[in-house]
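> Here it is: the structure, laid out below.
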Amino acid sequence: MNCRDCSAIEPVEDEGEIRFRPCTFVIASALRASGVEFTAGKNTGEIPYTSREALFELLKLLAILQEQADTHLKLCISGKSGRLTAERWVSLEQLEIRFANDNLISIISNHDFTSHMQPIVNFTEEIVGFELLLRPLPEGSAFQPYELFEIARQTGFHSFLDRAARISAIETSAKLLPRGIKRFVNFLPSSIYNPNFCLTHTFEAIERLDQDPEDFVFEVVETEKISNMDHLQAIFTEYRRQGMRVALDDVGAGYSTVEVMSSLKPDYVKIDRNLISYCDQDNHKQRTIKDIISRAGSFGASVLAEGIERREEFQYCREIGIELAQGYLFGKPEDKPPAHFGFSA
């Protein structure tokens with residue numbers, strides 16, 4: 001089951017054709033004047049190319065014509081092999097970014113990444129869960145997770161990467177964690193167009209690996225601007241309908257405001273690390289944190305303090321009633337759980 005945005009990323013072959021739209025009179029006339037052979041259909045043109053160099057020259061020409069015609073072209077490139085599984089129409093700008101970042105696109109396309117896990121503890125310092133985080137393969141190409149997701153967003157591959165990252169997290173947790181340990185998995189709301197359809201692969205992976213849905217918590221990542229609250233609520237509803245829980249990340253900073261939290265009513269509220277840092281010494285931070293705890297308590301959410309690095313921060317958060325904690329004080333993201341907690345692959 002694949003939609004266009006989640007379908008496999010096909011390689012750009014050395015021989016094939018470019019389809020473009022709109023094929024306006026101005027653009028068609030300019031192509032003929034340039035000596036380019038093409039076939040014109042209803043609002044769509046097709047131009048064959050016989051080498052990668054020829055493809056790049058055609059893209060440069062189309063960029064010039066796009067500007068001259070004051071329009072925005074969409075393109076679909078298909079190779080001679082005919083392996084295209086789904087039509088993916090992209091802008092010239094997206095193609096330019098793709099070709100300029102071949103290495104990162106290859107990492108995304110080939111799933112050349114893995115998931116590491118960072119401990120989440122309760123306030124007896126017992127591990128009760130892990131957040132699964134995308135990382136490079138041990139012998140693979142290096143990348144920064146944020147950079148990978150940003151290139152995916154700019155090239156239109158963010159749905160593909162987001163789904164692949166969720167599956168990687170589920171598979172890693174199934175291999176390394178026992179039942180009863182919570183697994184926090186990030187997701188991008190903008191990558192999920194229709195929750196009933198786009199999340200099917202996630203639910204199928206959990207079922208295929210014989211995992212307990214109640215062990216999974218899906219959290220909105222910090223980089224995602226929440227522009228459509230109804231859409232995000234629909235995603236939350238679908239996760240919960242399948243027996244899973246949902247979390248809002250970085251509450252108190254950026255887009256994850258206290259008002260957004262109160263509107264969405266997630267099962268877990270993760271307080272932003274910048275609020276937690278030196279919170280034991282900052283009265284303003286303390287007031288904000290207590291407000292978050294109070295509001296989260298009004299709808300029964302569990303509160304987690306992120307980014308704890310100092311024992312004093314941990315002690316303060318425990319004293320005011322925060323239930324869960326995460327940060328370098330308890331462990332960095334690693335490729336397996338800490339051995340002294342008795343987990344094994």
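None of the figures in this text is laboratory data; all of them are computed from the coordinates on show. Here the structure is a predicted model, which means the values were calculated and not measured. With ideal geometry, Cβ positions are generated from the backbone for all residues, glycine too; neighbour counts draw on all protein chains shown.
> Consider all pairwise Cα distances in the stretch 16-100 and report the whole-number % of them above 18 Å.
For the stretch 16-100, the share of Cα pairs beyond 18 Å comes to 37 percent.
> Fewest Cβ neighbours within 10 Å first, please rank LYS265, LYS270, LYS182 accordingly.
Fewest-to-most Cβ neighbours within 10 Å comes out as LYS265, LYS182, LYS270.
> For the pair GLU150 and ARG32, what calculated FRET efficiency results from E = 1/(1 + (r/R0)^6), where r is the Cβ-Cβ distance and R0 = 35 Å, to the nearest 0.05?
Result of the calculation: an efficiency of 0.35.
> Identify, among SER277, GLY307, GLN211, the residue whose Cα sits farthest towards the positive end of the charge dipole of the chain, taking +1 on the Cβ of Lys and Arg and -1 on the Cβ of Asp and Glu, with the dipole about the Cα centre.
GLN211
> Still on this structure, I have one more. Straight-line reach from LYS42: which lysines fall under 18 Å, measuring Cα to Cα and dropping same-chain residues less than 8 apart?
Cα-Cα hits under 18 Å: LYS74.
> To the nearest 20 Debye, how big is the dipole of the chain about its Cα centre, given +1 on the beta carbon of each Lys and Arg and -1 on that of each Asp and Glu?
It comes to approximately 560 debye.
> Among ASN103, TYR268, PRO11, whose Cα sits farthest toward the positive end of the charge dipole of the chain (+1 at Cβ of Lys/Arg, -1 at Cβ of Asp/Glu, about the Cα centre)?
TYR268
> Now for a separate question. Modelling each spin label as a point 7 Å along the Cα-to-Cβ direction, I'd like the SER294/GLU214 distance in nm, to one decimal.
Going by the 7 Å Cα→Cβ label model, 3.3 nm.
> If you don't mind, another one. Relative contact order, percent, of the chain when contacts are C-alpha pairs under 8 Å separated by at least 6 residues?
14
> Taking 7 Å along the Cα-to-C-beta vector as the label spot, tell me the PHE123-GLU139 distance in nanometres, rounded to one decimal.
The two pseudo-label positions are separated by 4.7 nm.
> Now, a different point. For the chain, what size does the Cα cloud have along each of its three principal axes, sorted from largest down, in whole Å?
For the chain, the Cα spread along each principal axis is 76, 42, 35 Å.
> Among GLY35, GLY45, ALA69, whose Cα projects farthest towards the positive end of the dipole of the stretch 26-90, with charges put on the beta-carbon of Lys, Arg (+1) and Asp, Glu (-1)?
Of the options given, the answer is GLY45.
> At 0.36 nm per residue, minus the direct Cα-Cα distance, what do ARG179 and VAL12 gain on full extension? Give it in nm, one decimal, please.
Full extension of this stretch gives 55.9 nm more.
> Mean-square fluctuation check for the chain, GNM, Cα pairs under 10 Å: which of LEU61, LEU134, LEU232 is largest?
Answer for the Gaussian network model of the chain: LEU61.
> Just give me a number: lysine pairs in the stretch 107-341, eight or more positions apart or cross-chain, with C-alpha atoms less than 20 Å apart.
Qualifying lysine pairs in the stretch 107-341: 12.
> Here is a further query. Please figure out what share of the DSSP beta bridges in the stretch 107-341 is antiparallel and state it in percent, rounded to the nearest 5.
40
> Find the centroid of the Cα atoms in the stretch 110-125 and in the stretch 175-206, then give the distance between the two in whole Å.
Here the answer is 15 Å between Cα centres.
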